[in-house]
Amino acid sequence: MALSEDYLYAEDLHPIDVVETLAEAHEWDFDRVAEDQIAMSVEGQWRTYSITLAWSGQDETLRLISTFEMDPPAGREAALYDLLNRVNDQCWTGAFTFWGEQRLMVWRYGLTLAGGQVASPEQIDRLIGAAVVVAERFYPAMQLTCWGDEAPEEAMKVAIAEAYGRA
């Protein structure tokens, strides 16, 4: 059964309601922070990711922010920023940034739903899943750059390549 079958006849479906239903289905820990915002924890292979989704009716945008702690040693931030430029060149949706004051690596993406469009559960599930996949793909390169003293161009070689085709 498709995720969207539960919502076939829903009008004025709030995107955060969909996210909450997905979080329950995946058994993710979550907190409905406000009517327009939800925070959850999603377990990956390398890290547990703190994911927040917020709906802005004014902008008609569902914003996803996924974070994990990253506290590079002194003197490695320039190499990390170089790596992030290289990583972001490989990403079609969203982008990484480093919030130095909070010591957090951040993945950000905004899904625009202009004109009263409604995001399907499949779209939102894929949005959350993609945030985890991209973090998992590039986390080893971040580790090598920050703590392994690898040059960013060398660290990028360990980024897990995207799979194509079927086994």
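The values are calculated or read from the model by the stated rules, or taken from the named source; none is laboratory data. Keep in mind that what you see is a predicted model, and the values were worked out from it rather than measured. For neighbour counting, all protein chains shown are included, and Cβ atoms are generated from backbone atoms with ideal geometry for every residue, glycine included. We work out accessible area using only protein heavy atoms, side chains counted, and drop any ligands, DNA or RNA first. Shrake-Rupley method; radii C 1.70, N 1.55, O 1.52, S 1.80 Å.
Structure above, values below:
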item: Tally, over the range 80-110, of residues that are open to solvent by 30 Å² or more (accessible area, probe 1.4 Å) and assigned to a strand (DSSP E or B); result: 7
item: When residues of the range 121-142 are limited to those that are more than 14 Å from the chain's Cα centre (by Cα) and within 17 Å of A159 (Cα to Cα), the one surrounded by the most Cβ atoms within 10 Å (Cβ to Cβ); result: M142
item: Odd one out for D71, checked against (1) in contact (Cβ under 8 Å) with a residue 24 or more places away in the chain; (2) part of a helix (DSSP H, G or I); result: (2)
item: So R76, is it touching a helix residue (DSSP H, G or I) at 6+ places or on another chain (Cβ under 9 Å) and open to solvent by 40 Å² or more (accessible area, probe 1.4 Å); result: yes
item: Residue in the range 112-120 that is farther than 30 Å from L13 by Cβ, in contact (Cβ under 8 Å) with a residue 60 or more places away in the chain and over 10 Å from the mean Cα position of the chain (by Cα) present; result: no
item: Neighbours by Cβ (under 8 Å, 6+ apart or cross-chain): first from the range 45-56, over 13 Å from A119 (Cα atoms) and among the charged types (D, E, K, R); second open to solvent by less than 20 Å² (accessible area, probe 1.4 Å) and in a strand (DSSP E or B); result: R47/F68
item: Breaking point among (1) within 19 Å of A159 (Cα to Cα); (2) at pLDDT 95 or above, for C91; result: (2)
item: Meets criteria (closer than 14 Å to P15 by Cα, over 13 Å from the mean Cα position of the chain (by Cα) and of a type in the set (A, V, I, L, M, F, W, C)) for A79; result: no
item: Residue that is surrounded by the most Cβ atoms within 10 Å (Cβ to Cβ) [pool: residues in the range 22-47 that are among the polar types (S, T, N, Q) and at pLDDT 95 or above]; result: Q37
